[in-house]
Structure formats: structure tokens, C-alpha cells
1. What size of dipole, in debye to the nearest 20, comes out for the chain about its Cα centre when the only charges are +1 on Lys and Arg C-beta atoms and -1 on Asp and Glu C-beta atoms?
2. Which whole-Hz couplings ³J(HN,Hα) result when phi for each residue of region 53-66 is put into the Karplus expression 6.51 cos²θ - 1.76 cosθ + 1.60, θ = phi - 60°, listed in order with x for Gly and Pro?
3. If you look at just the Cα atoms of the chain, how large are its Rg and its Dmax in Å?
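Throughout, read-outs are computed from the coordinates displayed, never taken from laboratory work. All values reported here derive from a predicted model rather than from experimental measurement. Here Cβ is always computed from backbone atoms with ideal geometry, including for glycine, and neighbour counts include all displayed protein chains.
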Amino acid sequence: MIRWHIEITRDALKTLAKLDKPVRRRLQAAIDRLADQPRPAGVVALKDRPGLFRLRVGDWRVVYRIEDDRLVVIVVDLGRRREIYRR
């Protein structure tokens, strides 16, 4: 089985570091699972931001880009549902 490399942008890392431990663990676990399956069930391609995908983790969203040619998943942004789409 091919394992993808995960990269997290500086902004996403800052957001992740500010979160409470339980939320941070849930988001980190979801991001780690993307290394095995970058397009799991429930992932939605964002209409207004081509090339980006959204993973739902409770009230939180992980926005990421997939680079198939390099086998890399780049986490671009993290945020609550009500805030993430305003950026």
C-alpha cells in the first residue's frame, strides 16, 4: 500500500497548536489518516476554491490539496465550520 506524505502549512500548524488537546488529537488523527487514503468517503471538492478538498471532523474542517504526481497531501487550512469558508 502506498503511503502519501503529509505537509502542513505554517498557518495550519499555528491553528492546530492553539487548539485544546482533545480537538487537536482528533484533527491530527484525521490528517494522519489522509496519508493512507487522501480521498476518503465524505471528502468534498470545494466549488469556490478549485483543487482544494474539505474533510469534516465534527464541527471542524480540514482544507487540503492533493498533488497526485508527488504523492503529497498539503493541509492548507483548519477551522470551525462557521469560520473556515469566510477566509
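1. Values: 22 positive and 12 negative charges, 96 e Å.
Dipole size: approximately 460 debye.
2. Running phi through 6.51 cos²θ - 1.76 cosθ + 1.60 with θ = phi - 60° gives 10, 10, 10, 8, 10, x, 7, 9, 10, 10, 9, 8, 10, 10 Hz.
3. Considering the chain through its Cα atoms, Rg and Dmax are 12.2, 37 Å.
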